[in-house]
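Every number in this text was worked out from the coordinates using simple rules, so none of it is lab data. Here the structure is a predicted model, which is why all the values come from computation and not from measurement. Here the Cβ positions follow ideal geometry from the backbone for every residue, glycine too, while neighbour counts run over all protein chains shown.
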Amino acid sequence: MAGNIKIEVVTPEKSVVSEEAQIVMAPGSLGEFGVLIGHTPFFTTLKIGIIRYKDIKGEERLVFVNGGFAEALPDRVTVLAESAERRRDIDLERAKAALKRAQERLAKESAEKDIDFIRAKAALDRALYRVKLAETRHR
Amino acid sequence: MATLKDVKTKIGAVKKTKQITKAMNMVAASKLRGAQTSMTGFRPYAGKFAEVLGSLAERGGSGPTPLLTVREKISKINIVLCTSDRGLCGGFNSNLILKAESLVKEKTGSDIKISFTNFGKKGRDWSRKNNFEIVNEYLGVVGGRFGFNISVNAGQKLIDGFLKGEYDEVYVIYSEFKSTAKQIPVIKQILPIPPIEASEKTEDAKKQYLPEHICEPTPAELLDDMLPKNVYVQIYSALLETSTSEHAARMAAMNNATKACNDMIDSLTLAYNKARQASITSDLMDIVGGAEALKG
């Protein structure tokens, strides 16, 4: 093994993840990408989705990320997101409620392709990913 | 002259007040600690964000993005005024409102319509009293616990309004937290976004930064994506600063009040002792006088 990289996920409220990882996979806006040690400097926006990384013991960890930016350097990955949660911290009830709300809103907005539609769609995406991720917890 | 009993009641009342101010001081101190924790929590994000934004702006060049374009004719201005919801914090709110007044005075006169977005009840009440148009108001945010989504929400509304031409300029007035003893009201322009300076760094650090990064999508597109976020970041930081300042101001005000109570208790106790002594003396005089009279 060549070595570990440092992964950091920071939101305006706090630092969500800060640890060593073997590999990091993140949902870039132009496609998912993986980062190993020695990655070439790279900067991208992120989609709403899930960051996966293997910690030093080789265990897979999952983090929900609400868009944002990621920067990869040879020895570390920094993710700036408006909000992000580790799988174990997701509030499933809240996410489910948000999902329902978003679906209702989208049903109303679907006629027009304006900014409200885009926002409702984003809310739906966020809720969907959160619920999906949280539901894998107890399996 | 106040009777003995009057003075005693007064001392009791002042002592009760002191208990309250002292408790408020301690509450403010613990809230201040919480607010400062949020501020430190925000710093890594803000720092990284500014760093990336600065180097992108340098690299992508500021194209004709509407958020950066200064309009030729300024006829509508929106002021985001951050104050606290509650009083009892010294000159904190009045200082912020004074700042708002000076900005309003500076801008009026040349056919400019001013509207407000208010964070905090004190500023809202002021805008209402002076018949300004209040576009949005957010109560219960400053001084409490709030998330980034509040500033995203407010920021989106401001950007929408700006792009639709409802405002030509947006300013934010907030209180900058310098230290527990010093908070300064500040005016900052947030829209159109003022030219972004690359973060001040040594040449060395700059060299190894973004220029050689692969960017996805292009730097210009990245910049477009980041500019609105910059507005949210600015608002969030303004709110955090104001909250922290509020608690610090309240702490100082309550500390002063407690001290004033102590002084008052001291002087009242002195008055009480004097009055007691006087009554003892006069009682003694009566007794002595009575005894003399009996002797005949």
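Label-to-label distance for A:Asp75 and B:Arg86 is 4.8 nm, based on points extended 7 Å past Cα in the beta-carbon direction. Distance between the C-alpha centres of the stretch B:231-296 and the stretch A:1-75: 60 Å, rounded to the whole angstrom.
Structure remark: mean-square fluctuation, Gaussian network model of chain B, C-alpha springs under 10 Å; the largest value among B:Lys259, B:Lys22, B:Lys121 belongs to B:Lys259.
Springs between Cα atoms under 10 Å define the GNM used for chain B, and in it the highest mean-square fluctuation of B:Ile20, B:Ile79, B:Ile173 occurs at B:Ile20. Stokes-Einstein diffusion for the protein assembly as shown, with the hydrodynamic radius set to the Kirkwood value over Cα pairs and evaluated at 10 °C in a medium of 1.306 mPa s, equals 62 µm²/s. Charging the Cβ of each Asp and Glu at -1 and of each Lys and Arg at +1, and nothing else, the dipole of the stretch A:1-61 about its Cα centre rounds to 80 debye. Rounded to the nearest 0.05, the FRET efficiency derived from the C-beta distance between B:Thr218 and B:Asn130 at R0 = 41 Å is 0.30.
Label point 7 Å out from B:Thr69 along Cα-to-Cβ: which residues of the stretch B:138-173 have amide N under 13 Å? Answer for the stretch B:138-173: B:163-165.
Rounded to the nearest 0.05, what FRET efficiency do B:Met39 and B:Thr3 have when you use their Cβ-Cβ distance and R0 = 60 Å? Step by step, r from the Cβ atoms, then E = 0.70.
Modelled this way, with points 7 Å down the Cα-to-C-beta line, the labels at B:Asn256 and B:Leu284 are 4.4 nm from one another. Counting beta carbons within 10 Å around each of A:Val16, B:Val186, B:Val70 and listing the fewest first gives the order B:Val70, B:Val186, A:Val16. Relative to the current alpha-carbon distance between B:Gln189 and B:Arg145, full extension at 0.36 nm per residue lengthens the span by 13.3 nm.
So how far, in whole Å, is the C-alpha centre of the stretch A:77-111 from the one of the stretch B:135-169? Centre-to-centre distance over Cα atoms comes out at 21 Å. If only the Cβ of Lys and Arg carry +1 and only the Cβ of Asp and Glu carry -1, the dipole of the protein assembly as shown around its Cα centre is close to 1780 debye. Rounded, prolate or oblate, given the Cα gyration tensor of the stretch B:107-157, with a/c below 1.5 counting as rounded? Since a/c reaches 1.5 but b/c is at least a/b, the shape of the stretch B:107-157 is classed as oblate. Sorting B:Lys157, B:Lys73 from the fewest to the most surrounding beta carbons within 10 angstrom yields B:Lys73, B:Lys157.
Between 0 and 90 degrees, the angle of helix A:92-109 with respect to the longest Cα principal axis of chain A falls at about 50 degrees.
With viscosity set to 1.567 mPa s and temperature to 4 °C, compute the Stokes-Einstein D of chain A, Rh being the Kirkwood radius across alpha carbon pairs; µm²/s, no decimals. Intermediate results must be reported in sequence, preceding the final value.
Values: Rh = 15.7 Å.
The calculation lands on 82 µm²/s.
Rounded to two decimals, the Cα-based Rg/Rh of the stretch A:63-106, with Kirkwood Rh, is 1.14.
Once you sort the root eigenvalues of the Cα gyration tensor of the stretch B:27-250 as a ≥ b ≥ c, which label holds: rounded (a/c under 1.5), prolate (a/b larger than b/c) or oblate (the other case)? Display every interim value, and only then the final one.
Values: a/c = 2.16, a/b = 1.28, b/c = 1.69.
Oblate, because a/c is 1.5 or more while a/b does not exceed b/c.
Taking each residue in B:140-150, count the Cβ atoms of any other chain within 10 Å of its Cβ, then average. What number comes out?
Details: counts 0, 0, 0, 0, 0, 1, 1, 5, 7, 5, 0.
Mean number of neighbouring Cβ atoms from other chains: 2.
The alpha-carbon of B:Lys113 sits under 17 angstrom from the alpha-carbons of these lysines, leaving out residues fewer than 8 places away in its chain: B:Lys73, B:Lys76, B:Lys105, B:Lys129, B:Lys164. Need one word for the stretch A:1-63: rounded, prolate or oblate. Basis is the Cα gyration tensor (sqrt eigenvalues a ≥ b ≥ c); a/c below 1.5 gives rounded, then a/b vs b/c decides. In terms of gyration-tensor shape, oblate. Sorting B:Asp160, B:Asp85 by the number of Cβ atoms found within 10 Å of their own Cβ, with the fewest placed first, yields B:Asp160, B:Asp85. Using a cutoff of 8 angstrom between alpha carbon atoms and counting only pairs six or more residues apart, the relative contact order for chain B works out to 32 percent. Mind checking which of B:Thr21, B:Thr83, B:Thr65 has the largest fluctuation in a GNM of chain B, springs on alpha carbons under 10 Å? It is B:Thr65. Once the Cβ-Cβ distance of B:Val27 and A:Lys132 is raised to the sixth power relative to R0 = 41 Å, the FRET efficiency obtained is 0.45.
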